[in-house]
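Trainee: Structure incoming, see below.
Just so it is clear, none of the values below were taken in a lab; they were calculated from the coordinates. Keep in mind that what you see is a predicted model, and the values were worked out from it rather than measured. Using ideal geometry, Cβ is built from the backbone for each residue, glycine included, and neighbour counts are taken over all protein chains shown.
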Ligand SMILES: NC(=O)c1ccc[n+]([C@@H]2O[C@H](COP(=O)([O-])OP(=O)(O)OC[C@H]3O[C@@H](n4cnc5c(N)ncnc54)[C@H](O)[C@@H]3O)[C@@H](O)[C@H]2O)c1
């Protein structure tokens, strides 16, 4: 029997618990050996729930332990320092999205991973969804023909998370919906299409709803309630146009809040067919059939929880059985794109991406 990979989880908040569930479901291959959080009550409760004996209030204690790998699931502002320290300590790292606050930080993480020769996997969990895997296969099998455009639409009518908290504080989050949710759909679009070389972007960002905070009307709030004495200095809407040289383009609209209907999809346009992947319904193939224009709803077989699959692929990579499922270099491309979108919005012109 193969040796179990020993895992430490740093940051046992909302998503840290999801990782604990995912690695627990892979208990034949991995053992959660250490949990870490600065919130001692939460840490104790999580230790009891997941039956983990070693609990640390300081992540550096995790890095001194004999774990093979760590999950970095603290807030965005701590990704760089924690991931780099873990890689330098010889630990493999599964790093939550967004990879970092900006591309400079992301580049430092990639360089540290290269030097350490450890596995760095970015937590682009949506890639493990059955519909996104299938869409990628349709591209690699040539079913869609030549891919020339990606449409990324992710509109929440009123979905600002934790208004006034770290989500809406740029110094803690790095940005608004672009960094929080856009990063997932950008990854999906580039993963499915295979276009990973954005060359320029012309974009605009707007902050029209979150500030002043007390005027924000909403039905429900993830990570709420609002902290009216907090900060909201992030965008709540971003739109733009990205060139991938002369090979392909991408248009996007990403919003935490807008006076527009909720919508969420990535649509990939090819010469033989298009595929539209949604957040929560079956993907649609847009093509021609027997001389007619046809839409085909694709029924996706159950493929299991994306977080569990992500954990299993990370374990396999830690064992040297496969490369990182989401290499740091792809996370870095995503961060460079987002940096350029912000810069384009501020300067009001097209920005080259190097
Ligand atoms: N993959 C996804 O779909 C997904 C979903 C939600 C969040 N995330 C990402 O996960 C990260 C965490 O988000 P969250 O929603 O779980 O936030 P959260 O605030 O619920 O959890 C963060 C946890 O980190 C702890 N913490 C803070 N500083 C720490 C430190 N120095 N050492 C150890 N623990 C520390 C906090 O006490 C808290 O329990 C973010 O980067 C976020 O973008 C990813």
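Trainee: Over the chain, what is the mean sequence separation of C-alpha contacts under 8 Å (at least six apart), divided by residue count, expressed as relative contact order in percent?
Mentor: Rounded, it is 20 percent for the chain.
Trainee: Let me ask something else. Restricting to DSSP H runs of at least four residues, report the calculated mean residue ellipticity at 222 nm for the chain, -39500 (n - 2.57) per run over all residues, nearest 500 deg cm²/dmol.
Mentor: Here the helix-only value at 222 nm equals -9500 deg cm²/dmol.
Trainee: Looking only at 142, 291, 75, which one moves most when the chain is put into a Gaussian network model with springs between Cα atoms under 10 Å?
Mentor: Maximum among the listed residues: 291.
Trainee: Residue 21 versus residue 217, label points 7 Å from Cα toward the beta carbon: distance in nm?
Mentor: Result for the modelled spin labels: 3.4 nm.
Trainee: Most fluctuating residue of 54, 246, 208 in a GNM of the chain with Cα springs under 10 Å: which is it?
Mentor: Highest fluctuation among the options: 246.
Trainee: Separate question: How much length is gained on full extension from residue 146 to residue 114, taking 0.36 nm per residue of separation minus their Cα-Cα distance? List each step's numbers first, then the result.
Mentor: Working: separation 32, 0.36 × 32 = 11.52 nm, distance 3.30 nm.
Full extension from residue 146 to residue 114 adds 8.2 nm.
Trainee: Taking 0.36 nm per intervening residue step and subtracting the Cα-Cα distance, what contour gain separates residue 40 from residue 263 on full extension?
Mentor: Between residue 40 and residue 263, full extension yields an extra 76.4 nm.
Trainee: Picking from 135, 188, 260, which is most flexible by a Gaussian network model of the chain using Cα springs under 10 Å?
Mentor: 260
Trainee: Okay, next question. Residue separation times 0.36 nm, minus the C-alpha to C-alpha distance between residue 196 and residue 233: what's the value?
Mentor: Extra length available between residue 196 and residue 233 comes to 10.3 nm.
Trainee: To continue, here is another question. What order, most packed first, do the peptides 155-161, 35-41 have when packing is the mean number of other Cβ atoms within 10 Å of each residue? Intermediate values should be presented prior to the final figure.
Mentor: Details: 155-161: 20.7, 35-41: 17.7.
The most tightly packed comes first, giving 155-161, 35-41.
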